[in-house]
Amino acid sequence: MTVKLQIVIGIAILFVFGILVNMIRKRGLELKYALSWMLVLCALLIFDCAPRLLIVVSDFLGIYAPVNMIFFLGFCFSLLIIFSLTVALSRMSNSVRTLDQMVALNEKRLQELEQELELKKETKKGNK
């Protein structure tokens, strides 16, 4: 990899990191979801600044080519993101179900109170 390409990739990584931080600051993205992206960007920046490290790590893991290691890490990261989103979706689904049940109970209670109020009004009219 040429130095010029390393610089371009490094600038792109820092640009994406800036966008990520800005989204967190504007509350467009929650910090708990952004942490994994930040970790990946840091790892990419480290591998961009020290490409020899990528070769050393891939040799240590027994991966034939460093490019294959990048694809493998991307696959693992994708699985991690999918798992964390599945967990978040499950929690949200449970929250929505609980809120739906609470709203239904409150509506039923409101109808009962309205019926009691109507009965009281009718009994007052009947007593006069």
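The values are calculated or read from the model by the stated rules, or taken from the named source; none is laboratory data. These figures come from a predicted structure and were not determined experimentally. Neighbour counts are summed over all protein chains in view; Cβ atoms, including those assigned to glycine, are modelled from backbone coordinates with ideal geometry. The protein model used for the area step is the full one, side chains on, heavy atoms only, and it has no ligands, DNA or RNA in it. Shrake-Rupley method; radii C 1.70, N 1.55, O 1.52, S 1.80 Å.
The table below lists the values:
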item: Candidates Leu39, Leu89, Leu53, Leu85, filtered to the one that is assigned to a helix (DSSP H, G or I) and more than 20 Å from the chain's Cα centre (by Cα); result: Leu53
item: Selection within region 86-128 - free of Cβ contacts under 8 Å to residues at least 12 places away in the same chain, open to solvent by less than 100 Å² (accessible area, probe 1.4 Å) and under 30 Å from Ala34 (Cα atoms); result: Thr86, Val87, Ser90, Ser93, Asn94, Ser95, Val96, Thr98
item: Region 57-72: number of residues that are touching a residue at least 12 places away in the same chain (Cβ under 8 Å) and either of a type in the set (A, V, I, L, M) or in contact with a Lys or Arg (Cβ under 9 Å, 6 or more places away or on another chain) (or both); result: 3
item: Subset of region 1-32 that is under 14 Å from the mean Cα position of the chain (by Cα) and part of a loop (DSSP other than H, G, I, E, B) - its residue that is modelled with the highest pLDDT; result: Arg27
